[in-house]
Amino acid sequence: MAKRTSQWYKDLAVYQIWPRSFCDGNGDGIGDLEGVLSKLDYIKSLGVDAIWFSPLYPSPNADYGYDIADYTDISKDYGSLELFKKVLDEAHKRGLKIIMDLVINHTSDQHKWFQESKKGPDNPYHDYYFWRKGRKGGKKPPNNWLSTFQGGAWEYVPEIDEYYLHVFAKGQPDLNMDNPKVREEVKKIIRFWLDLGVDGFREDVITFISKKEGLPNGFPLPTATGIEHYSNGPHLREYLEEFRAVQMEYDCFTVGEAPMMTPKKALKFIKEDENPVLDMMFHFQHMNADNIMTNFVRTPFRPGYLKKVYNNWQTGLYGKAWNALYLENHDQPRVISRYGSEKYRVESGKMLATMYICQSGTPFIYQGQEIGMTNIHLDSIDRFPDVSSVNTYALMKSLHLPEKFIMNIINYGARDNGRTPVQWSAEKNGGFTTADKPWFEVNPNYPEINVEAAEADPNSILHYYRKLLKFRKENEIVRYGDFRMMKTERKLFAYIRRYEGQKLLVVCSFAEEELNFRLPQSEFDLSKAELVLSNYDFNQVVHNGFFTRPYETRVYLIK
Ligand code: GLC
Ligand code: CA
């Protein structure tokens, strides 16, 4: 297999666009590529080097683009393939790379492969998916698996008296990757986009693509029963090796989405000197510091857990593999509303940015995160567009839980929180669209929180992100230094990076209350170090430490 010639992906910072809510260029209420074009200079100004596009392909939107009806075209909602090429060109001109979302665990039920496949067992596409007869004379689905989004994982098609498998929504039938023809199709898709000039892929739930032979019953869970039989399945590495061979002909970049991943397991896929099949993985462990397994099973925020997870990944991968760093994406509620504080929005927004971007790895920044957007609060389930919010609501209703309790959980955990339109200005609809009504509600805090206001305020989160990304780019220690977590109070997170004789100290408070930070003299003398980043003015040092203000962060560099 072709080997990497360079590891350029390590120096990147990536901006994620969820196109539907980024910027509407033609006034129909839906974000699009015209809108993206108009914001390329803004994106470049952040100091990022790449854009990852959540799916832009034609889709009936059962799962807003993650149900793809045609892999080699662009949705009319977003523009056209021509327009995409223009965006690609204009991005490249500005030194921005483009990363596409590769969603191959499933297609849309409107994809022509599926339309053919459901004509019956003789159709050449039938084996592209998992079709099975029911149990008990056909009355019961083939096994007990449950989908993540929508009840059972099997949908019955009476015309052919068979069920098809969908581990996500009904409109997302799982592809049968064991079929070599399907893998050839995937390689064609990969080539199509690379030939067009894109620079890499974010691979959607890539660790789910190999299902255990015989599709045995799973351990009963409230949702996603059967997951142990398709997460990190038997042929996963083998299939990824096939795809990697194509990808490496182009020296492209890959990041795989990997639910339930641990550092130890990840090394089997991304260890640099052992034939890696991906450059890095998006794990989820650090997004579980305020929930159990899913955002809909809430706990109070647990900083101790968060620190432990970071420590495991930073030390577990150091020198062997590369971390993907993120706090937000289109599947996550806004992080200030979770790990930070809406009351101390600006302070905690800057602290959180520092906390993850100063670690070793490639940082991803999600649209709106750079201006500190927060969760939206909606009073009725009818106002939530996402299939997973709607179905979680229905599930909780069926358990006769009180409405108020349910709506609290939905408001806190819904992916919709991350999908409200980007707030560009204090104009109507936050400047997102000129239409009367955008496709989804703009957060009513837009008059205060928007890009224009942030540009005008030298103390904004936006300007802080720019400073932080510039600092990362100019200092190899941030990218390549090792990582050691310090022993501190529970709500303090402090770590030291070391690189070629330099040391970087990062201190982050997850608390409103005052905490006591002390650096042992044996590390270095704080008064001799340079304070390179902070979120407050007047940063005194007493006894080689300081008492923290709410959500304070400081970064010291000693050369
Ligand atoms: C990934 C995507 C998510 C989608 C799911 C199914 O987790 O990020 O948005 O719903 O896969 O494609
Ligand atoms: Ca539009």
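The values are calculated or read from the model by the stated rules, or taken from the named source; none is laboratory data. In this text the structure is predicted, and so the values were computed from the model without any measurement. As a convention, Cβ positions derive from the backbone with ideal geometry for all residues, glycine included, and neighbour counts pool all protein chains shown.
Below are the figures for this structure:
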| read-out | value |
| --- | --- |
| Any hit, region 392-402, residues being under 23 Å from residue 290 (Cβ atoms), modelled with pLDDT under 95 and touching a helix residue (DSSP H, G or I) at 6+ places or on another chain (Cβ under 6 Å) | yes |
| Number of positions in region 247-266 that are buried (at least 17 other Cβ atoms within 10 Å of the Cβ) and assigned to a helix (DSSP H, G or I) | 3 |
| Matching residues, region 285-312, being assigned to a loop (DSSP other than H, G, I, E, B) and in contact with a strand residue (DSSP E or B) (Cβ under 9 Å, 6 or more places away or on another chain) | 290, 299 |
| Residues located in region 396-425, provided they are farther than 13 Å from residue 379 by Cβ and basic (Lys, Arg) | 397, 415, 419 |
| Members of region 21-68 that are part of a helix (DSSP H, G or I) and either within 16 Å of ligand 1 (Cβ to nearest atom) or modelled with pLDDT under 95 (or both) | 21 |
| Criterion violated by residue 406 - all others in (1) under 25 Å from residue 300 (Cβ atoms); (2) buried (at least 18 other Cβ atoms within 10 Å of the Cβ); (3) in contact (Cβ under 8 Å) with a residue 40 or more places away in the chain satisfied | (3) |
| Scan of region 53-83 for residues that are among the acidic types (Asp, Glu) and within 15 Å of ligand 2 (Cβ to nearest atom), ordered by number | 77 |
| Residues (of a type in the set (Asp, Glu), over 19 Å from residue 363 (Cα atoms) and exposed (fewer than 15 other Cβ atoms within 10 Å of the Cβ)) located in region 1-59 | 28, 41 |
| Flag for residue 493 being farther than 23 Å from residue 338 by Cα and either touching a helix residue (DSSP H, G or I) at 6+ places or on another chain (Cβ under 6 Å) or surrounded by 15 or more Cβ atoms within 10 Å (Cβ to Cβ) (or both) | no |
| Residues located in region 479-503, provided they are out of contact with any Phe, Trp or Tyr (no Cβ under 7 Å at 6 or more places or on another chain) and not polar (S, T, N, Q) | 479, 487, 489, 490, 496, 498, 500, 501 |
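Residue by residue, here is whether (1) closer than 15 Å to residue 183 by Cα; (2) assigned to a loop (DSSP other than H, G, I, E, B) holds:
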{"residue": "100", "(1), (2)": "no, no"}
{"residue": "109", "(1), (2)": "no, yes"}
{"residue": "113", "(1), (2)": "yes, no"}
{"residue": "116", "(1), (2)": "no, no"}
{"residue": "120", "(1), (2)": "no, yes"}
{"residue": "123", "(1), (2)": "no, yes"}
{"residue": "127", "(1), (2)": "yes, no"}
{"residue": "137", "(1), (2)": "no, yes"}
